[in-house]
1. Report yes if some residue within segment 6-20 is in the same structural domain as Leu100 (by TED's automatic domain parsing), farther than 19 Å from His223 by Cβ and at pLDDT below 90; otherwise report no.
2. Filter segment 103-120 down to the residues that are surrounded by fewer than 17 Cβ atoms within 10 Å (Cβ to Cβ) and either under 19 Å from the mean Cα position of the chain (by Cα) or of a type outside the set (Asp, Glu) (or both) and list them by number.
3. Being at pLDDT below 85 and in contact with a Leu (Cβ under 6 Å, 6 or more places away or on another chain) is the filter here; which residues of segment 221-247 pass it?
4. Can you tell me which of Leu101, Leu177, Leu135, Leu123 is hydrophobic (A, V, I, L, M, F, W, C) and under 25 Å from His241 (Cα atoms)?
5. Within segment 46-86, which residues are among the hydrophobic types (A, V, I, L, M, F, W, C) and in a loop (DSSP other than H, G, I, E, B)?
6. Residues to consider are Ala54, Ala44, Ala114, Ala109; find the one that is outside the structural domain of Leu244 (by TED's automatic domain parsing) and within 30 Å of Lys250 (Cα to Cα).
7. Scan Asp124, Asp92, Asp79 and give me the residue that is of a type outside the set (A, V, I, L, M) and surrounded by 16 or more Cβ atoms within 10 Å (Cβ to Cβ).
Amino acid sequence: MSQVSQKVTVLIVNYNSGRWLARCIATLQEGQAQPVHCRILDNASTDGSLAMLAPSPHCTIIKSEANLGFAVGVNQLSDGAQTPYLLILNPDCLLRPEGLLRLVEELEAHDEAAMVSGRVFNLDGGEQRGSRRRLPDPERILKELSGRYPGAGVDLIDQAPPTEPIEVEAVSGACMLVRTSVFHSLGGFDADYPMHFEDLDLMARIHQAGYRIRLLPDVAISHAGGISSHHRPLAVMRDKHDGLWLYLNKHCQDSWPAWSRPLWWLGIQLHRWALTPILWWQQRR
């Protein structure tokens, strides 16, 4: 892994992830004489998650006095990175060193690819929605919502997993190994996304730039999911709806009749307001 440590910089944006941040880093660096270097931006956490980290020369910590958001945080962490690859990793993800090695090897074997990830699993062993997916467009979103077209929407976990590495349209935003040069040439994440859909936006722009995205089915990544956001469901729900609207306007103009866009805006707003009292009640309990 000493070779990998010279090729990868790990970028982690932390916000109240509790013990998961320390577990994430310990798992990634376990047993390595020369661990990969981790850059951590803490978005004004109040839960003591930084204090749970053991001091290490292989971790650089930046403390923000305000919550800058995920996209801005990753972009800031990527500034000045000299390694060929960036591992953008959620603090509640567990990726072992041998898994990271496989991801690096895959990009090195495929010059046409700019990003790679593995299959992402819940803690109960089930594959997460978003582990394998297509880029969203209005037609795919409607098929996904209808439930009548298994595997024809955005998420692909209703389909049997591949047995060999393959090209995919999109991978999980919880764990992405990306070429540093491509990330910087595309301007990093679009900071207009408050939270959610910034990963899909980046993947769409990777394809538009002529690159490919690959998936390694034999690399398993554990993802707790929602650790930093479970206590603020209303804000998360708002950001998801705003992110969807921004993504559709930015990437789906050719497949999105102009006459239907006011209906989509209305549908997104109605969906948001229908969920608001439910989430508000759940948050109070």
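The values are calculated or read from the model by the stated rules, or taken from the named source; none is laboratory data. These numbers were taken from a predicted model, which means no experiment stands behind them. FYI the Cβ positions are ideal-geometry reconstructions off the backbone, even for glycines, and counts take in every protein chain you see.
1. no
2. Result: Ala109, His110.
3. Correct list: Pro233, Leu234, Met237.
4. Of the residues listed, the single one that is hydrophobic (A, V, I, L, M, F, W, C) and under 25 Å from His241 (Cα atoms) is Leu135.
5. Applying the first criterion (among the hydrophobic types (A, V, I, L, M, F, W, C)) to segment 46-86 yields 50-54, 59, 61-62, 66, 68, 70-72, 74, 77, 81, 86.
Leu53, Ala54, Ala66, Leu68, Ala81 - these are the residues of segment 46-86 that are among the hydrophobic types (A, V, I, L, M, F, W, C) and in a loop (DSSP other than H, G, I, E, B).
6. Numbers: Ala54 fails: within 30 Å of Lys250 (Cα to Cα); Ala44 fails: within 30 Å of Lys250 (Cα to Cα); Ala109 fails: within 30 Å of Lys250 (Cα to Cα).
Every option except Ala114 fails the conditions.
7. Asp92
Rundown of residues vs (1) outside any strand (DSSP E or B); (2) modelled with pLDDT of 95 or more, yes/no style:
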| position | (1), (2) |
| --- | --- |
| Gly99 | yes, yes |
| Glu108 | yes, yes |
| Gly118 | no, yes |
| Thr163 | yes, no |
